[in-house]
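Below: the structure, in structure tokens.
The values are calculated or read from the model by the stated rules, or taken from the named source; none is laboratory data. As the structure is a computational prediction, the values presented were derived from the model and not from experiment. Ideal geometry is used to build each Cβ from the backbone, glycine not excepted, and the neighbour counts take in all protein chains shown.
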Amino acid sequence: MKTLHLLAASALALLSSCSKTQESASGNTTIDLFSGTDLTSWEGNPKLWSVQDGTITGITPPDPADPTKGILKHNTFLVWKGGTVGDFELTFQYRIEKGNSGVQYRSKALPPGEFGPIISGYQADFEAGDKYSGILYEERGRGILALRGEKNVIKPGADAKKPTVEKAGTVGDSNAIQASIKKEDWNDYKIIAKGNHVQHFINGLQTIDVTDEDSANAPKEGVLALQIHQGPPMKVQFKNLKLTPLD
């Protein structure tokens, strides 16, 4: 079953007009989600998202009343409008100065807030700090589903937002993975989602492995989006975003 839904072939043709496509080694179509020049096919607050130096750039501006704090009252996102994602592989590069960010996938759009789109769902997390890069977090949902280095199975819990997380092993050493991450420099990130199994990788090292058996709450398809976080002033940049649907 095709897992990148673009409202049939006519929509794919429209997407191709503003995004480069190519065939991957597996024979699936790979789509360049960002032209490097503008935010065609993306939607977000233009005061917070722009193109700088050939990258998608998001900022949390400082609060004039207290420059140590950001002005955002909620996390907000730049949403890819080319379709939804189900089973796929996404690769991209990121660079972050302060704060926290991530990529939402298989997510859903909630009513927008004062500062732009609000999104709920799986997030491939990363940050300027040392704890959360590579984890699987569910924004406005079930919270942390796997910390860095964990291989987990998610089971239903008594509360929809509090699943049972079973430890099934490890995929690597959290400290070693963190040591491979370059501060305020470019890092490679990969997300693979197929069925109820998701995996994250940073700089070639696997960071999480999750099998989500909480079927009533596990997202199977949804939007793709980039995050800027409320909190201290921050800057995040993305480039070379390539999406490959998996059959």
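Here are the numbers:
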| quantity | calculated |
| --- | --- |
| Unique match (being under 14 Å from the mean Cα position of the chain (by Cα) and under 16 Å from Phe92 (Cβ atoms)) among His200, His229 | His200 |
| Test for Glu138: is it of a type in the set (D, E, K, R), exposed (fewer than 15 other Cβ atoms within 10 Å of the Cβ) and under 19 Å from the mean Cα position of the chain (by Cα) | no |
| Top-ranked residue in the range 81-124 [being of a type in the set (Phe, Trp, Tyr) and crowded, with 24+ Cβ neighbours inside 10 Å; ranked as nearest to Ala146 (Cα to Cα)] | Tyr122 |
| Residue selected from the range 103-128 under the condition in a strand (DSSP E or B) and touching a His at 6+ places or on another chain (Cβ under 8 Å), by the criterion farthest from Asn217 (Cα to Cα) | Gly113 |
| Of all residues in the range 51-73 being within 17 Å of the chain's Cα centre (by Cα) and of a type outside the set (Ser, Thr, Tyr), the one that is surrounded by the fewest Cβ atoms within 10 Å (Cβ to Cβ) | Ile59 |
| Looking only at the range 33-57, and only at residues there that are touching a strand residue (DSSP E or B) at 6+ places or on another chain (Cβ under 6 Å) and in a strand (DSSP E or B), the one that is nearest to Asn75 (Cα to Cα) | Trp49 |
| Restricting the range 155-180 to residues that are in a strand (DSSP E or B) and of a type in the set (Lys, Arg), the residue that is surrounded by the most Cβ atoms within 10 Å (Cβ to Cβ) | Lys155 |
| Single match in Lys235, Lys183, Lys220 (criterion: among the basic types (Lys, Arg), crowded, with 19+ Cβ neighbours inside 10 Å and either part of a loop (DSSP other than H, G, I, E, B) or touching a residue at least 24 places away in the same chain (Cβ under 8 Å) (or both)) | Lys235 |
| Residue tally, condition within 24 Å of Ala176 (Cα to Cα), in contact (Cβ under 8 Å) with a residue 24 or more places away in the chain and not basic (Lys, Arg), over the range 139-156 | 7 |
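Okay, residues lined up against (1) at pLDDT 95 or above; (2) over 21 Å from Ile192 (Cα atoms); (3) of a type in the set (A, V, I, L, M):
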| residue | (1), (2), (3) |
| --- | --- |
| Ala25 | no, no, yes |
| Thr30 | yes, no, no |
| Val51 | yes, yes, yes |
| Pro64 | yes, yes, no |
| Gly99 | yes, yes, no |
| Ile119 | yes, no, yes |
| Glu127 | yes, no, no |
| Lys131 | yes, yes, no |
| Gly134 | yes, no, no |
